Each structure stands twice: as structure tokens, then as C-alpha cells.
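*Asks:* Below: one structure in C-alpha cells.
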Amino acid sequence: MIHGTELVAKLVEEGRVKLTEKVAKTVTFHDACYLGRHNDVYDPPRAILRAIPGVALEEVGRRREAGMCCGAGGGRMWLDEKIGTRINQVRYAELDATGAETIGVACPFCMVMLGNAKTETNGHADSVDVLELAVQALPAASVAAGG
């Protein structure tokens, strides 16, 4: 089994998927715990971002093996924390401080946690799945034709 970003990165590398439409965004990538530290998958999401015309990748300080959890791990996504520091807000602040307008993610839990943190802290960067950004970069004709 492989992650969707691994598949799409491979198809882009082989020339079977062409990302030609410009997506003018500055993106920082958040390494998800299970995809990254647990499965050692760091490069495919970044390869996709680098293949999208117009995307400028702005790396955050804590990344790859030294990345920080979004706060959802261990079932914490389902808790309504009332005391102490909210991990999602700390991580979001790090990502938002890069100045990127978009936080690229490759995990639905990260999308929720970082999206909540944006709302809770009045941040500015939106969380977007890397594969959604790739879809925006597909040739307009192939998207209109359904593939």
C-alpha cells in the first residue's frame, strides 16, 4: 500500500500526469506524523508541490524527522482541551510564521486540526491537501473532460 502523494509523485515523475496550470501560492508543508515519522515519507508531497507551476515552497523550521504533531495524535482530535497549551495552535503558529499563504497537508486529521487552529487564532494561512493543489494544476482540458 502506498500513500496518494507517493502515487501522484511517481506519475508526475514518469510524465503520466502533467501539472501545467499555474497555481500562484506560497506553500509551507506540514509533515504528518504517520506519513512522515512513522512511514518515512517526506519527499513525495514536496515533489508534487515543486512540480506545480507557480508554487513557491517555503519550509518551516521543524520539518521532516524533526516535524511537530498537529495535535490530533493519540485520539486528541476528539478532545475539547480547556487547559494548557493547544498543540494545534502551537504548530499552526509555526507554519503561519513562514509567511506562506497556504499550509500543504497530506492527512485529513492535520487538515482539521490546523484549520481549527486558524479559526481559533485568527491566523491567515489556509490548510489545503497537496493533492487538491495538484488537481488545480492539471491541464484545464483534462479536468473538464473528467480525466
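The values are calculated or read from the model by the stated rules, or taken from the named source; none is laboratory data. The model shown is predicted, which means the values in this text are computed figures rather than measured ones. Glycine gets a Cβ as well: all are built from the backbone with ideal geometry, and neighbour counts include every protein chain shown. Just so you know, the surface numbers come from the protein's heavy atoms only, side chains and all, with ligands and any DNA or RNA stripped out. Shrake-Rupley method; radii C 1.70, N 1.55, O 1.52, S 1.80 Å.
*Asks:* Quick test for you: out of D80, D31, pick the one residue that is assigned to a loop (DSSP other than H, G, I, E, B), more than 14 Å from S127 (Cβ to Cβ) and either modelled with pLDDT under 90 or charged (D, E, K, R) (or both).
*Replies:* On inspection, the qualifying residue turns out to be D80.
*Asks:* Follow-up question, since we're still on this one. Residues to consider are G115, G99, G75; find the one that is modelled with pLDDT of 90 or more, open to solvent by 10 Å² or more (accessible area, probe 1.4 Å), out of contact with any Lys or Arg (no Cβ under 8 Å at 6 or more places or on another chain) and on the phi > 0 side of the Ramachandran plot.
*Replies:* Just one listed residue meets the conditions, G99.
*Asks:* Pairs needed: first member in the range 14-25, under 19 Å from E101 (Cβ atoms); second member anywhere, open to solvent by 70 Å² or more (accessible area, probe 1.4 Å); C-beta distance under 7 Å; at least 6 residues apart or different chains.
*Replies:* Note: pairs meeting the criteria are E21/Q136; V23/Q136; K25/E101.
*Asks:* OK, next. Could you grab me the full set of residues in the range 54-67 that are among the aliphatic types (A, V, I, L, M) and either open to solvent by 30 Å² or more (accessible area, probe 1.4 Å) or assigned to a strand (DSSP E or B) (or both)?
*Replies:* V55, A56, L57, A66 - these are the residues of the range 54-67 that are among the aliphatic types (A, V, I, L, M) and either open to solvent by 30 Å² or more (accessible area, probe 1.4 Å) or assigned to a strand (DSSP E or B) (or both).
*Asks:* Taking the conditions exactly as written (at pLDDT 75 or above and farther than 20 Å from D126 by Cα), does E65 satisfy them or not?
*Replies:* Criteria met by E65.
*Asks:* Applying the selection to the range 99-131, what residues are among the polar types (S, T, N, Q) and more than 10 Å from the chain's Cα centre (by Cα)?
*Replies:* Those that are among the polar types (S, T, N, Q) and more than 10 Å from the chain's Cα centre (by Cα): N116, T119, T121, N122.
*Asks:* Of all residues in the range 120-135, which are within 20 Å of A47 (Cα to Cα) and open to solvent by less than 20 Å² (accessible area, probe 1.4 Å)?
*Replies:* V130, L133, A134
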